[in-house]
1. Hey, for A:Ala207 with labels 7 Å out along Cα-Cβ, what do the inter-copy distances come to in nm, ordered shortest first?
2. So for the range C:146-241, taking the charge dipole from beta-carbon charges (+1 Lys/Arg, -1 Asp/Glu), which of C:Met190, C:Thr176, C:Leu154 sits furthest toward the positive end?
3. So how strong a dipole does the protein assembly as shown carry about its Cα centre when Lys and Arg Cβ are +1 and Asp and Glu Cβ are -1, to the nearest 20 debye?
4. Taking θ as phi - 60°, what are the ³J(HN,Hα) couplings along the range B:176-183 by the Karplus curve (6.51, -1.76, 1.60), each to the nearest whole Hz, with x for Gly and Pro?
5. Amide H to amide H, which residues 5 or more places from C:Val254 or on other chains are under 5 Å from it, using H placed in the peptide plane?
6. Just to be sure I understand: chains A and C are related by a rotation, so which residue of A has its Cβ closest to that axis, and how close in Å?
7. Are there any GluC sites (Glu not before Pro) in the range C:85-125 that are in a DSSP loop and have at most 15 other Cβ atoms within 10 Å? List them by number.
8. Relative to the longest principal Cα axis of chain C, at what angle does helix C:263-294 sit, 0 to 90 degrees, rounded to 10?
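Bear in mind these aren't lab numbers, they're just calculated from the coordinates by the rules spelled out. For clarity, every value in this text was computed on a predicted model and none was experimentally measured. Glycine also receives a Cβ, built like all others from the backbone with ideal geometry; neighbour counts cover every protein chain displayed.
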4 protein chains.
Amino acid sequence: MLDRVRAFADAEITPRSDYFDSLPEAPTVATARLHEAGLANWWIPSRYGGIGADLEESVDIVSELAYGDAGFAFGSFLSILGTTMLRLCGEEPLARTHLEALAAGGGSCGILASEEQAGSELGRIAARFTHDGDQVVISGDKYFATNADAADLLLAVARDADDDADFRVVLVPRDTPGVEIVKRWDMVGMRGSATYQARLRDCAVPAAHVLRGNGLRNLEIGLNASRILIAATAIGLARRVRDLSMEYAAVKQVKGSALTGNAVFAGKLGQIEMLIDVMRNQCRAAAAEFDRYMAAPDPLPSLYRTGTLRSALAAKMYCGQAGWQVATIGSEMFGGLGYTHDHPIGKLVRDLRYVGLVEGGDDVVRDLLYSRFVVPAGKRR
Amino acid sequence: MLDRVRAFADAEITPRSDYFDSLPEAPTVATARLHEAGLANWWIPSRYGGIGADLEESVDIVSELAYGDAGFAFGSFLSILGTTMLRLCGEEPLARTHLEALAAGGGSCGILASEEQAGSELGRIAARFTHDGDQVVISGDKYFATNADAADLLLAVARDADDDADFRVVLVPRDTPGVEIVKRWDMVGMRGSATYQARLRDCAVPAAHVLRGNGLRNLEIGLNASRILIAATAIGLARRVRDLSMEYAAVKQVKGSALTGNAVFAGKLGQIEMLIDVMRNQCRAAAAEFDRYMAAPDPLPSLYRTGTLRSALAAKMYCGQAGWQVATIGSEMFGGLGYTHDHPIGKLVRDLRYVGLVEGGDDVVRDLLYSRFVVPAGKRR
Amino acid sequence: MLDRVRAFADAEITPRSDYFDSLPEAPTVATARLHEAGLANWWIPSRYGGIGADLEESVDIVSELAYGDAGFAFGSFLSILGTTMLRLCGEEPLARTHLEALAAGGGSCGILASEEQAGSELGRIAARFTHDGDQVVISGDKYFATNADAADLLLAVARDADDDADFRVVLVPRDTPGVEIVKRWDMVGMRGSATYQARLRDCAVPAAHVLRGNGLRNLEIGLNASRILIAATAIGLARRVRDLSMEYAAVKQVKGSALTGNAVFAGKLGQIEMLIDVMRNQCRAAAAEFDRYMAAPDPLPSLYRTGTLRSALAAKMYCGQAGWQVATIGSEMFGGLGYTHDHPIGKLVRDLRYVGLVEGGDDVVRDLLYSRFVVPAGKRR
Amino acid sequence: MLDRVRAFADAEITPRSDYFDSLPEAPTVATARLHEAGLANWWIPSRYGGIGADLEESVDIVSELAYGDAGFAFGSFLSILGTTMLRLCGEEPLARTHLEALAAGGGSCGILASEEQAGSELGRIAARFTHDGDQVVISGDKYFATNADAADLLLAVARDADDDADFRVVLVPRDTPGVEIVKRWDMVGMRGSATYQARLRDCAVPAAHVLRGNGLRNLEIGLNASRILIAATAIGLARRVRDLSMEYAAVKQVKGSALTGNAVFAGKLGQIEMLIDVMRNQCRAAAAEFDRYMAAPDPLPSLYRTGTLRSALAAKMYCGQAGWQVATIGSEMFGGLGYTHDHPIGKLVRDLRYVGLVEGGDDVVRDLLYSRFVVPAGKRR
């Protein structure tokens, strides 16, 4: 599996950095190729017709895709947030229908959660749904929604209009009347993915599309998977910086010798190699922990008790910080050329920046780690 | 003077960030406006018809211009490298002619020093000149040359074809036959300035256009001025990050209160304010030291002995590092919005990156500080 | 002056690191020697019989003394906090009496400000004084008071028992009945200075010993001087780390060559040299700013308006951070030997730690910078 | 097992920080208690009468012991370096004799490798052995040797006097005539362990005491185990800093509220918690990798091919850096009190420093990572 992913990335992704960086129309042809190669949505369980790779394996898959283009990787794996919620909290017929479709068709699932006034504080979500017979009708403005335009289905977080404290996740097929794309964001990096501002205007869906349980808790559970894979993109990006540095050093002369023999250069690469190893092990450990939860006959109760995993938070925060350390080293590595678009390092730096920003900036994650795992003395370890 | 610069930046530069970031055709109309406002080339001595601001004052001028757009500031002050060499090492008639023209016309002076194989190691420069009667004929490929296309004059560094060890600075009027612009670089940041790859093909100029003294040493002396002003751009950029943060915090709510009252936010801004103060004082101290040299009746002998100033190297390296710290804090400050081109922080981060890269990356500067000021025990202080 | 200080440090201080690190009885004989050399309390104005060095010069003096031993330097300059308050806020007869005595006798002035529950928040000070005829009677427990045991006089901060909001600085001669030393602190570093826990029990002093004006504001004004000199100790300590590194490198072989020729080592020393230069320029700039205030015929009104100087806060915070960077590099420089007490680096690391801790930790300073100089938009620059 | 270790540390180690910090005579009574509790040398395989914990489990054991006292932990686990070499490279009778004795008696095994001129460059070792019938006679001066005085046996690295390039590990029983302790080092931290300078003067041992294979390679293999456990001490130390911070914050008031509710404090603790999680996962992953090698029927050939593990190097370097980050945060956490010996943080900072210094400083480790795992493109991952 991993070999096939690597081969795919080598052939289809890595040579097309400039293309992915151009904010190409979404989905790109590479998304179709990934599906043709039998690799799309690789984590969907085999009982739904998918490949059924676990999250630990997904870490390496994402690292390989992100080595080619982190934006493409992000767009390719982000559906895992929705499919995880759907698998765990959707009624089986609903889950089956949509997971089989995603496995068979290679499509995607977008998340409509963040709002302009509810970025890191999802408790401020203003989107609302009302019950109308055996339907629910949902409305709201959503701020950052990756893949939302081309997705087959959207999972929207909203409050019950009759109970302000009752947040729910509602499955909204993309073609539901009232789903509008307001604009595509012109992102600083990760431009191989497509993120949108979206609006729901009185979108009516069957009441069975409302997922079980507290919507914010469902989201928190699903974010474990996506945060770990966001972290994993930093591994691929850092490996790319390393390899580009070695290519450059092989031909660059400093004080009459190849840069590869320079002690300062060696020290930088040694530091990067350490960071790569630690990022990978942290992502794998977090993924393995999540896989252990998911391997239970009924994972939901224990995941509800746990909510966000310490290891997943730590993975995302650590890889954001380590990735930025690599970005900083990398951005100084290639001299003046590295400050031009003739060299890919500028793109890698911009891409690396996102790891510490999406799905909880470092301040938010530190706060979560503190309140969930440090304040309760019994949770410390 | 400083008030006029600030008013100019407020009116003409700061509101046009997107324009400057678009790699606009050079010189921009803002360059003409700067001259109309009587502010272009503000450091040219009054005896040549200029304003005669000293370098210490220039630090604040550059901070104000860079607050608006660092690329514009860079394009506006970089001629100081050439004019300093011309003043110090050119024969008086040559210096007078060109400095008066720059003061009167508001034009610019480009430097042709770096080559593809001679970035930080100028001793590897391959450009050559030959003597031909009372002319010299100069040829070579130059890699990074800011303002080179629109400049009135170029100062090129080349070796004497008859003496490999004899580097000289040669004044080449821009309209000299054989001066070719190979391409304009598509820079990652500082896109309000214009940097080119250029070629000299048998450009013949009068022998009097060869500046006195060792070309590399002349360059080193002139770099004191430009490095200090490059450092000063980081002050302006950091001030802009600070002010944007305060604007954002005034309207952003966190946990039910304005972000301005958040202790973590306050801590970040307090750190930035400290960095701004230290950057400014370092730049001013370095500039004042250079001004003291320049105030001597004949500054050249002592500048020859000194070469590169420790304080100028420290200013550039420190402001690069402090500026990057501000860039890092800033790039995490504005949530998802800060990762889109709807917010200017992305541009400021890209602009801040250049301080540590141009005119000697940190590794080069550390090496210079070590070999010049640490190894000779008598130079330590 | 500076040459004499350097000679004094070379002869009396630098060779006795182990002695100063042993928490020697205070005052040490070196304090007497400093006075014999005519150098004690060098900042006391000549009109009181002192040398009258300004604060800018004091930065270099402190750097030289701290090169020898930072604890000795601290003990030697810390009286400046009290003498500054006395000069500015004491009635002239009171100021004259005590400043002349300090100039003539080389004694010291301790500050009784911090309390166990009032470390960084001086507004929580619980010490109180009452009026009793033409006397005031002062009582309270004070936590960290350097030089308090051997001082000639103490300046204590307390509230008026009749007005909880009225803080005052009261001059308490050391031999006043009721002044008790509770214990000497066993400090981690700076062990060449002596810091005490002290108690005032119904200490009666003439009412004229109460300094004019708000006690907390007086303290804030005086802290400008001491914070800048605390910052300056980091310069001396960093210079010592640099010079020890060069001594070590001259005899240490790595891969068959002297360590002095190693590029990684050179890079570390280049970084340290930069930090030294920036620390010095920041301290000098802050000191020059304070000197400008003090040069006014009546400095108090403008100092009252200004309170704590941004540059002084920035100096202390920056030198604390830069010093710790040097400490970190230094502590990795000397291999296993550097982790033993056979090498002085361990002491230098411990000494360097104090810069960021005393007279306002970094969190406190960041908060001050934010609330005083960033929130009021008009104060930004 | 882990519960028993934790109970042991709670009862015997953690309350005695000051004692361990006093450079107590070695071995301390706690070492005997650890053996009485059946916990000494916990990694010795059960076939030799030991407990047979694997290295992954040892990571948590060491974290618990180091929470109590890192020096005690270090002294307790460091024999693993020697026992690993003995197990892998000693003839079975030799290995059996000594491993059984260590399991039964709870004694220790010292390593005589580093020399004054051969710290990080073991290829410069000057100690030599000669063959004398069925004995070898070994001589040399060794610089840093933990546990060497009280050890049952020493493993010394020396060259064959007849073949300068032939390094061997030789087992020297501690009571062999000619083994001399030159001095005990007065360490900056980790003072609960005992490290010595030692000398071998014509120590004669049976030729069977020479371990198979290249001595430097044997050492490199064994260092995998000890480096991972050195890294693991940082986990325990960081957990202690965290818990002390929470204890302090529970009673410390800032601006009228408990410090536990302060956002800046929360952010620091969140960062520390992240670092703890990442350190643990890196150590466990490296240990699990080593355990996989050791689980092979004959681990030696594959370990010989591999030598030093990337993950073990990364663990030690990462935990050194992350630990120092925790030390830096911690040293600023407790105000003035934290700068006195009345609070344990100073000791924890000193202890944390060693992780980045022993068994290869960061520069050495970066160089190894670069030359072994980055330069050979096929080894990159």
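1. 8.3, 9.2, 10.1
2. It is C:Met190.
3. Details: 164 positive and 192 negative charges, 1 e Å.
Dipole about the Cα centre, nearest 20: 0 debye.
4. 4, x, x, 7, 10, 8, 6, 6
5. For C:Val254, the qualifying residues are C:Leu259.
6. Nearest Cβ to the rotation axis, residue and whole-Å distance: A:Ala263, 2.
7. Numbers: sites: C:Glu91, C:Glu100, C:Glu115, C:Glu116, C:Glu121; in loops: C:Glu91, C:Glu116, C:Glu121.
Qualifying residues, ordered by number: C:Glu91, C:Glu116, C:Glu121.
8. The answer is roughly 20 degrees.
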